[in-house]
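Q: This is the structure I want to talk about, given as structure tokens.
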Amino acid sequence: LADPVAEVVADKYCPIIDSLPIHNLNLSKANEYYSLGNIKFRKRDFSGAVDYYGKSIDIAPASDTYFNRANAKDELGDYQGALSDYQKAIELNPTGSDAYYNRAILKEAIGDMVGACNDFKMSFSMGDIDAGNLAKQACD
């Protein structure tokens, strides 16, 4: 279901933020792009989400942004792009279990059972109980 508030915000502010001069880019703008990516994602505009997350990453690379862009790429069927972004999210935050967990789900879906098993185990080792249950299935 679409969020009417998010739609109004996206429709009103995306063009304004896009029109700001490039020399004004800063962390605040990276956060704005990240937020707009989240709005696009919630509206199921995954291509728009990928674009905004990419703009945020260009300014200030962050684990959460790579993670969210990976989720959007996964929704678009860009599995290699999603795997690459999950990897970058892990490099930037190696103790974040969510990137391992989501990457494991994707690896399992594309038939990389060894990779899925390893990622589920990593996520489980960081406290994700669901990953432990899925690791048992993926690793057998």
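Q: Summing Lys, Arg as +1 and Asp, Glu as -1, what charge do residues with Cβ under 9 Å from the Cβ of residue 101 carry, residue 101 excluded?
A: Value of the local net charge: -3.
Q: Could you please tell me the mean projected area of the C-alpha convex hull for the stretch 22-140, averaged over all directions and given in square nanometres to one decimal?
A: The Cα convex hull of the stretch 22-140, projected and averaged over all directions, gives 7.3 nm².
Q: Which trypsin sites (Lys or Arg not before Pro) in the stretch 28-115 sit in a loop by DSSP (not H, G, I, E or B) and have at most 16 other Cβ atoms within 10 Å of their own Cβ?
A: Within the stretch 28-115, the qualifying trypsin sites (Lys or Arg not before Pro) (loop, at most 16 other Cβ atoms within 10 Å) are 43, 44.
Q: Something else about it: Add +1 for every Lys or Arg and -1 for every Asp or Glu among the other residues with Cβ under 10 Å from the Cβ of residue 85, and state the total.
A: After counting each charged neighbour, the total is +2.
Q: Could you tally the net charge around residue 136, taking each other residue with its Cβ under 15 Å from the Cβ of residue 136, Lys/Arg +1 and Asp/Glu -1?
A: Here the charged neighbours net out to -4.
Q: Excluding residues fewer than 8 places away in the same chain, name every one of the lysines whose C-alpha is closer than 21 Å to that of residue 73.
A: Within reach: 40, 43, 55, 88, 107.
Q: Rounded, prolate or oblate: which fits the stretch 72-127, taking a ≥ b ≥ c as square roots of the Cα gyration tensor eigenvalues, rounded meaning a/c under 1.5, else prolate when a/b beats b/c?
A: Oblate shape, in that a/c is at least 1.5 and b/c is the bigger or equal ratio.
Throughout, read-outs are computed from the coordinates displayed, never taken from laboratory work. Here the structure is a predicted model, which is why all the values come from computation and not from measurement. Backbone-built Cβ (ideal geometry, glycine too); neighbour counts: all protein chains shown.
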